[in-house]
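Down below is the structure, laid out as structure tokens.
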Amino acid sequence: MAKWTTADIPDQTGRTAVITGANTGLGFEMAAALAAKGAHVVLAVRNLDKGKAAADRIISMAPNATVALQQLDLGSLAGIRAAAAEIKSAYPRIDLLINNAGVMYTSKQTTSDGFELQFGTNHLGHFALTGLLLDALLPVPDSRVVTVSSIGHRIRAGIHFDDLNLEHDYDRVAAYGQSKLSNILFTYELQRRLAAAGESTIAVAAHPGNSATELGRHLSAVAEVVAMRLLSQSAAMGALPTLRAATDPETAGGQYYGPRGLGGGRGYPALASSSKQSHDPELARRLWEVSEELTGVTYSID
């Protein structure tokens with residue numbers, strides 16, 4: 001398809017979609033597009049005031065939209081467990097989980113559980129949330145887990161099993177790369193396990209290319225202008241690969257979508273290729289096991 005857009009999203013009436021980080025940027029665009037197509041969208045956000053503003057904005061754009069708020073702090077395992085319990089109580093059947101929220105290039109910080117902030121939020125938080133919600137996804141035919149990665153999974157990226165929190169040599173670019181590589185390894189391993197269990201639920205990954213969002217707030221002023229403005233596309237365009245992964249009837253488990261332009265930085269969504277590392281099943285299996293140990297979350301399909 002030459003130019004896949006939100007006009008190509010099939011009718012979403014009757015579907016429930018949970019989107020993390022849905023109050024701003026890419027997540028907001030995803031939520032607005034799905035709500036406009038009839039989905040009941042749950043905005044899983046850390047700040048409820050900002051979430052309420054986002055919900056009001058979506059309804060102003062699509063008066064018939066149905067949206068709900070759910071507080072979620074991906075930097076707290078206790079908070080994730082509480083949020084997952086509330087979501088499953090309200091929505092025992094979930095059609096779509098979009099793991100979108102994230103942080104990028106932060107200074108050396110930790111989550112409330114002591115994990116390096118980018119690895120803890122971007123990967124471990126979503127690993128835990130997905131595992132806790134999986135029982136609500138499995139009974140739904142063709143349900144999907146879509147996890148948002150980044151071009152950054154190729155940049156100074158590796159899984160540092162001897163120092164996952166990068167306590168001894170912190171580098172914010174390497175930390176981001178590790179977290180985004182983890183997102184793709186997680187997706188591919190989740191898909192392998194779902195397929196082995198004979199489930200119809202699929203796991204898919206996507207990346208937004210270079211998109212103008214608040215993720216650049218931890219860059220220097222000059223770098224933020226260059227990377228997030230001069231070289232970027234809009235958040236609405238950046239959301240398209242994830243929306244296609246989430247809704248295209250032709251999407252298959254284990255696929256990876258991104259902008260089709262040069263280097264994957266800009267353009268309409270198409271199938272993309274991820275790094276050689278991301279396709280290493282042994283690396284993915286080891287990361288899965290470590291993630292289970294660190295979060296205390298095990299998956300029902302295992």
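When restricted to residues that are touching a residue at least 24 places away in the same chain (Cβ under 8 Å) and out of contact with any strand residue (DSSP E or B) (no Cβ under 9 Å at 6 or more places or on another chain), region 86-101 contains 2. Taking (1) among the β-branched types (Val, Ile, Thr); (2) more than 18 Å from Gly79 (Cβ to Cβ); (3) part of a helix (DSSP H, G or I) in turn, Val140 satisfies each apart from (3).
Every residue, every condition in (1) closer than 30 Å to Pro92 by Cβ; (2) surrounded by 24 or more Cβ atoms within 10 Å (Cβ to Cβ); (3) at pLDDT 95 or above; (4) in contact with a strand residue (DSSP E or B) (Cβ under 6 Å, 6 or more places away or on another chain), yes or no:
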{"position": "Phe119", "(1), (2), (3), (4)": "no, yes, yes, no"}
{"position": "Asn122", "(1), (2), (3), (4)": "yes, yes, yes, no"}
{"position": "Val140", "(1), (2), (3), (4)": "yes, no, yes, no"}
{"position": "Ser149", "(1), (2), (3), (4)": "yes, yes, yes, yes"}
{"position": "Ala157", "(1), (2), (3), (4)": "no, no, no, no"}
{"position": "His168", "(1), (2), (3), (4)": "no, no, no, no"}
{"position": "Leu185", "(1), (2), (3), (4)": "yes, yes, yes, no"}
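Considering only residues in region 1-35 that are without any contact (Cβ under 8 Å) to a residue 40 or more places away in the chain and under 14 Å from the mean Cα position of the chain (by Cα), the one that is farthest from Ala206 (Cα to Cα) turns out to be Asn23. Inclusion of Ile159 among residues that are of a type in the set (A, V, I, L, M, F, W, C) and within 15 Å of the chain's Cα centre (by Cα) is not warranted. In summary, helices (runs of 4 or more DSSP H) completely within region 4-107 and bearing 2 or more residues that are modelled with pLDDT of 95 or more and acidic (Asp, Glu) occur at 48-61. If you go through region 89-108 and keep only what is crowded, with 16+ Cβ neighbours inside 10 Å and of a type outside the set (S, T, N, Q), you end up with Tyr91, Ile94, Asp95, Leu96, Leu97, Ile98, Ala101, Gly102, Val103, Met104, Tyr105.
Of all residues in region 19-29, which are surrounded by 24 or more Cβ atoms within 10 Å (Cβ to Cβ) and touching a helix residue (DSSP H, G or I) at 6+ places or on another chain (Cβ under 6 Å)? Of everything in region 19-29, those that are surrounded by 24 or more Cβ atoms within 10 Å (Cβ to Cβ) and touching a helix residue (DSSP H, G or I) at 6+ places or on another chain (Cβ under 6 Å) turn out to be Ile19, Gly21, Ala22, Asn23, Leu26, Phe28, Glu29.
If only residues of region 1-16 that are surrounded by 14 or more Cβ atoms within 10 Å (Cβ to Cβ) and among the hydroxyl-bearing types (Ser, Thr, Tyr) are counted, the one that is farthest from Thr251 (Cα to Cα) is Thr16. Look at region 233-246: where a residue is at positive phi, no partner that is of a type in the set (Ser, Thr, Tyr) sits 6+ places away or on another chain with Cβ atoms under 7 Å. Within region 58-70, the residues that satisfy the criterion of being of a type outside the set (Ser, Thr, Tyr) and loosely packed, with under 15 Cβ neighbours inside 10 Å are Met61, Pro63, Asn64.
The values are calculated or read from the model by the stated rules, or taken from the named source; none is laboratory data. In this text, all values refer to a predicted model and were calculated from it rather than measured experimentally. Because the Cβ atoms are built from the backbone with ideal geometry, glycine has one as well, and the counts that use them run over all protein chains shown.
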